[in-house]
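Novice: Before I ask anything, here is the structure I am working with.
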Amino acid sequence: MINVPSTIRISIRALRVNKMRSALTMLGIIIGVGAVIAMLAVGTGARQKISEQISSIGSNLLIVLSGASTSGGIRMGSGTRPSLSLGDSEAIKRECPSVQDVAPVLGGTAQVVYGNLNWSTGVTGTTPSMLSVRDWQLSSGRSFTEDDVKGATKVCLLGQTVVDNLFGSIDPVGSVIRIEKIPFTVAGVLEIKGQSPGGQDQDDVIYVPITTAQKKLFGTAFPGMIRMMMVKARTAEDLFRSEQEIAELLRQRHKINPKQEDDFTVRNLTQMLQATEQSTKVMTILLGAIASVSLLVGGIGIMNIMLVSVTERTREIGIRMAVGAKTWDIRLQFIIEALILSMIGGIAGILVGLAVSEALALFAGWSVIVSPFSVILSFGFSGVVGIFFGFYPAYKASLLDPIEALRYE
Amino acid sequence: MGLIEARGISKTYSLGEVDVRALCPTSLTIEAAEFIAIMGPSGSGKSTLMNILGCLDKPSSGTYLLDSVEAGGLDRDQRAEIRNKKIGFVFQGFNLLSRTSAIENVELPLLYDGLSAQERRQRALTALKKVGLEGREYHHPNQLSGGQQQRVAIARALVNNAPIILADEPTGNLDTKTSAEIMDLFVDLNTHAKITIILVTHEPDIAAYSKRIIRFLDGCIVSDEVKKTE
């Protein structure tokens, strides 16, 4: 029969005798556990941030851009030659079964004025579909309607950043602002979205009906044209099919023969972001794995010290055996010692990991998330390390010959 | 049948290719409550015999019956249990755990016997009282004199009510006066508590306290005299 509480007491006493040594041995585990927790917190934080950004853009999104123009043999960027029309966006919405909604975009930068305040911001001409495509709600007022689009009325929706800069804390709904000197009535205010994955302020925006933008604000040499459109597929699985349907439809409408290149580009925004998320996940695993190595090294430190301890205490082991300690009494004593070292080190390591994570969030401004899972994982792992690396020294101790051990000087 | 019944036990160590005989086939009967001194020069086999009798070692041949149990063929853990229950050891170098109080040293055998903490404490206190160490229970070995340390060791041998005490040169590290006190304690334990005491010693003065003297030379018993009671 093994007396566990007494064995624990014996182990604690043995560890207290060599305080400095026990502390240094624990340090390996403290650093290991701390590193695992901090690294996983950084990785989880980064992933969380990316998922937030994905959902802030809107889910299941495709972007269709106008093609590139060629001027004197120099190819310009996509969108430089307006090839998409409002008709195209309506056709896609009508004819592509996997598409849920389409929002055309024609925009530019404009100076806006309210009272004696002014602000330079992006003004986007679009349709009410924009709100459903981007999963965007209004925080006050109402959206403009299809009738506003048909009639090219002078109404607008403001992002929160614009409201902050022009109105302060006043409710802007119903006020009249001037965009490029043309008066627009504020119909509603968009909910706060925060930063885009590219780091842009998504709230620094004004939406106006697309027709108004075409006729009054950004009237170009290509009437009726738009710069791009945002397309929402019905489900994530439909994204790929939508891409094909849109490309097919546009080639048909633009009368592009099979040998010619497309005069438009379809981009799958969600997929790009998901790829980023995937790579962040890999990074998290990698960071965790590297941190685990230091935990493993800490475990080897425990084994090292336990082996020294067994040798130093050979005589003590001999005495214990002489008065009746059995194989497992001796083994358990040393395993428990190793376990206590690793568990205390594990608890201290959790605290260090939390502190480091906090410090990273505070001073480096990283988003860190300490998940309970990572705490349980690293604490459990440190316990396993203790038992695993404590077993060999304990096994060695239990095999000593009591006669030899008693004679050991 | 005696308490200890050794029939033709021998011990041979193999050092590489050479076999060294440490103990000739030896037969020995020891009754309960005997007080025996084993004498002989170093390397004469007396320590080997003590190790076998104390179940720290196995004989190479022969049978060893301890309290009618064949102890020669037991495995490590079974021998540990016999040492725990039936044998108390007293060593020349005391072999106490340093940095551990007297009472906890005495409790040590009980720790491996599954007794409750309260009972352990109680029995250890009683044993320390028996060896005259009342009031020193919480001293550490380095705060005790040699004689007192040996008394702690004797209390440790007594605490499990073992019928046999094996003492290997128990006075080897002590001065004459203290040696006499320790030997008086053994005599007392033998006479009053009827504990069988087997003592290894070089010194005839110490052996004189016993009732029977067995002499060893080159691994064999050369004489076995029972002292006539006056």
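The values are calculated or read from the model by the stated rules, or taken from the named source; none is laboratory data. For clarity, every value in this text was computed on a predicted model and none was experimentally measured. Reconstructed Cβ throughout: ideal geometry from the backbone, glycine too, with neighbour counts over all protein chains shown. Accessible surface areas use protein heavy atoms only, side chains included; no ligands, DNA or RNA. Shrake-Rupley method; radii C 1.70, N 1.55, O 1.52, S 1.80 Å.
Novice: Could you work out how far helix B:102-111 tilts from the main Cα principal axis of chain B, as a 0 to 90 degree angle to the nearest 10?
Specialist: The angle comes out at about 60 degrees.
Novice: Related question: About its Cα centre, how strong a charge dipole does region A:82-262 have in debye, to the nearest 20, once Lys and Arg get +1 and Asp and Glu get -1 at the Cβ? Mind dumping the intermediate values first?
Specialist: Numbers: 19 positive and 22 negative charges, 122 e Å.
Taking the Cα centre of region A:82-262 as origin, the dipole is about 580 debye.
Novice: How much of the calculated P(r) for the protein assembly as shown lies past 32 Å, in percent of all Cα pairs? Each step should come with its number before you reach the end.
Specialist: On the way: 134661 of 203841 pairs.
It works out to 66 percent of all Cα pairs.
Novice: Taking square-rooted eigenvalues a ≥ b ≥ c of the alpha carbon gyration tensor, is region A:168-215 rounded, prolate or oblate, where a/c under 1.5 means rounded and, failing that, a/b exceeding b/c means prolate?
Specialist: oblate
Novice: Right, next: Tell me the relative contact order for chain B as a rounded percent, counting alpha carbon contacts under 8 Å between residues six or more apart.
Specialist: On the way: 456 pairs, mean separation 64.8, N = 230.
Worked out over chain B, it gives 28 percent.
Novice: Would you mind estimating how fast chain B diffuses translationally, via Stokes-Einstein at 25 °C and 0.890 mPa s with the Kirkwood radius over Cα pairs, in µm²/s?
Specialist: This corresponds to a translational diffusion coefficient of 136 µm²/s.
Novice: Still on this structure, I have one more. Put +1 on the Cβ of each Lys and Arg and -1 on the Cβ of each Asp and Glu in chain B; which of B:N84, B:L74, B:S27 then has its Cα farthest toward the positive end of the dipole?
Specialist: After comparing all options, I get B:N84.
Novice: Sort A:K193, A:K259 by accessible area with a 1.4 Å probe, largest first.
Specialist: Values: A:K193 35, A:K259 200 Å².
Sorted by accessible area, descending: A:K259, A:K193.
Novice: Oh, and also: Give me, ordered by chain and number, the residues 5 or more places off B:S61 or on other chains with an amide H under 5 Å from its own placed amide H.
Specialist: Answer set, sorted by chain and number: B:S10.
Novice: Only loop residues by DSSP count here, and only those with at most 12 other Cβ atoms within 10 Å; note down the trypsin sites (Lys or Arg not before Pro) in region A:117-182 that meet that.
Specialist: Values: sites: A:R134, A:R142, A:K150, A:K154, A:R178, A:K181; in loops: A:R134, A:R142, A:K154, A:K181.
Listed in order of number, the matching sites are A:R142, A:K181.
Novice: Using the C-alpha atoms of region B:160-230, what convex hull volume per residue, in cubic angstrom, is computed? Present the calculation step by step, with values, prior to reporting the outcome.
Specialist: Values: hull volume 8.2 nm³, N = 71.
Each residue corresponds to 115 Å³ of Cα convex hull volume.
Novice: Could you pull out the trypsin sites (Lys or Arg not before Pro) across region B:151-230 that fall in loop regions by DSSP (anything but H, G, I, E, B) with no more than 14 other Cβ atoms inside 10 Å? Don't skip to the answer; put the middle values down first.
Specialist: On the way: sites: B:R151, B:R156, B:K177, B:K194, B:K211, B:R212, B:R215, B:K227, B:K228; in loops: B:K194, B:K211, B:K227, B:K228.
Taking region B:151-230 and a limit of 14 other Cβ atoms within 10 Å, the loop trypsin sites (Lys or Arg not before Pro) found are B:K194, B:K227, B:K228.
Novice: While we're looking at this one, here's another question. I want to make sure I understand the PRE zone here: with the label point 7 angstrom from the Cα of A:E358 toward its beta carbon, which residues in region A:29-45 have backbone N atoms less than 17 Å away?
Specialist: A:34-35, A:37-39, A:41-42
Novice: I'd like the distance separating the alpha-carbon centroids of region B:17-61 and region A:244-304, in whole Å.
Specialist: That distance is 78 Å.
Novice: Okay, moving on. Just read off the accessible area of B:S44 with the full protein assembly in place, 1.4 Å probe, to the nearest 10 Å².
Specialist: 0
Novice: Taking amide H atoms as placed 1.01 Å from N in the peptide plane, list the residues 5 or more away in sequence, or in a different chain, whose amide H sits under 5 Å from that of A:G141.
Specialist: Distant-sequence amide H within range of A:G141: A:V189.
Novice: Could you work out, residue by residue across A:311-324, how many beta carbons of other chains sit within 10 Å of that residue's beta carbon, and then give the average as an integer?
Specialist: On the way: counts 0, 0, 1, 0, 4, 6, 0, 3, 10, 6, 6, 15, 19, 18.
Partner Cβ neighbours, averaged per residue: 6.
Novice: Compute the long axis of helix A:86-95 from its Cα atoms, compare it with the longest principal axis of the Cα atoms of chain A, and write down the angle in degrees, 0 to 90, nearest 10.
Specialist: 60
Novice: To continue, here is another question. Whose amide H sits under 5 Å from the amide H of A:F184, counting only residues 5 or more places off or on another chain, with H placed in the peptide plane?
Specialist: Here the answer is A:I177, A:R178, A:I179, since their amide H atoms fall under 5 Å of that of A:F184.
Novice: Under 8 Å for C-alpha pairs, at least 6 residues apart: give me the relative contact order for region A:82-262, rounded to a whole percent. Don't skip to the end; give the middle numbers.
Specialist: Working: 356 pairs, mean separation 58.2, N = 181.
Relative contact order, region A:82-262: 32 percent.
Novice: Still on this model: Gap in Å between the Cα centre of region A:308-375 and the Cα centre of region A:131-195?
Specialist: When both Cα centres are located, 60 Å separates them.
Novice: Moving to a separate point now. Using the Karplus curve 6.51 cos²θ - 1.76 cosθ + 1.60 with θ = phi - 60°, work out ³J(HN,Hα) for each residue of region A:261-267 in order, rounded to whole Hz, and write x for Gly and Pro.
Specialist: Going residue by residue, I get 7, 5, 9, 8, 10, 10, 10 Hz, with x marking Gly and Pro.
Novice: Which one of A:D88, A:D329, A:D101 has the biggest mean-square fluctuation once chain A is modelled by GNM with Cα springs under 10 Å?
Specialist: Among A:D88, A:D329, A:D101, the largest mean-square fluctuation in the Gaussian network model of chain A belongs to A:D329.
Novice: Heavy-atom accessible area of A:E243 with all protein chains present, probe 1.4 Å, nearest 10 Å²?
Specialist: 40
Novice: At a Förster radius of 22 Å, what calculated FRET efficiency corresponds to the Cβ-Cβ distance of A:A275 and A:Q244, to the nearest 0.05? Provide the component values of the computation, followed by the final result.
Specialist: Values: r = 20 Å, r/R0 = 0.90.
For A:A275 and A:Q244, the calculated efficiency is 0.65.
Novice: Compare A:M306, A:M283, A:M228 by solvent-accessible area with a 1.4 Å probe and give them largest first, with all protein chains kept in place. Walk me through the numbers before you get to the answer.
Specialist: Numbers: A:M306 0, A:M283 80, A:M228 30 Å².
Ranking A:M306, A:M283, A:M228 by accessible area, largest first, yields A:M283, A:M228, A:M306.
Novice: Let me ask something additional. Which entries in the list A:K93/A:K215; A:K150/A:K232; A:K49/A:K154; A:K216/A:K255; B:K46/B:K227 go over 26 Å, if you measure between the two C-alpha atoms of each? Spell out each step's value before the answer.
Specialist: Details: A:K93/A:K215 23 Å; A:K150/A:K232 22 Å; A:K49/A:K154 37 Å; A:K216/A:K255 30 Å; B:K46/B:K227 20 Å.
Where the Cα-Cα span goes over 26 Å, the pairs concerned are A:K49/A:K154; A:K216/A:K255.
Novice: Using the Karplus curve 6.51 cos²θ - 1.76 cosθ + 1.60 with θ = phi - 60°, what ³J(HN,Hα) values do you get for each residue of region A:392-409, in whole Hz, with x for Gly and Pro?
Specialist: Along region A:392-409, the couplings run 4, x, 5, 5, 4, 4, 6, 8, 4, 7, x, 5, 4, 4, 5, 7, 4, 9 Hz.
Novice: How big is the charge dipole of the protein assembly as shown about its Cα centre, in debye rounded to the nearest 20, if each Lys and Arg gets +1 on its Cβ and each Asp and Glu gets -1 on its Cβ? Show your work: numbers first, answer last.
Specialist: On the way: 63 positive and 62 negative charges, 148 e Å.
Its charge dipole is roughly 700 debye.
Novice: Report the accessible area of B:C220, computed with a 1.4 Å probe over the heavy atoms of all protein chains in place, in Å² rounded to the nearest 10.
Specialist: Result for B:C220: roughly 50 Å² accessible.
Novice: Using all Cα-Cα distances in region A:82-262, what percent lands in each 10 angstrom bin from 0 up to the longest?
Specialist: Reading the bins upward from 0: 10, 35, 34, 16, 5, 0.
Novice: Same structure, new question: Over the protein assembly as shown, what is the percentage of antiparallel beta bridges among all DSSP beta bridges, to the nearest 5? It would help to have the intermediate numbers written out before the result.
Specialist: Numbers: 64 of 91 bridges.
Roughly 70 percent of the DSSP beta bridges within the protein assembly as shown come out antiparallel.
Novice: Working with all protein chains in place, sort A:W328, A:W119, A:W136 by solvent-accessible area computed with a 1.4 Å probe, largest first. Please list the in-between numbers first.
Specialist: Numbers: A:W328 110, A:W119 70, A:W136 10 Å².
Result, largest first: A:W328, A:W119, A:W136.
Novice: Quick one: angle between helix A:239-253 and the longest Cα principal axis of chain A, in degrees between 0 and 90, rounded to 10, please.
Specialist: Around 20 degrees separate the two axes.
Novice: Could you work out, residue by residue across B:155-162, how many beta carbons of other chains sit within 10 Å of that residue's beta carbon, and then give the average as an integer?
Specialist: Details: counts 0, 3, 1, 0, 1, 2, 0, 2.
Per-residue shielding by partner chains comes out at 1.
Novice: With a cut-off of at most 13 other beta carbons within 10 Å, and DSSP calling the residue loop, which GluC sites (Glu not before Pro) in region A:86-156 qualify? Please list them.
Specialist: On the way: sites: A:E90, A:E95, A:E146; in loops: none.
Hits after loop and neighbour filter: nothing returned.
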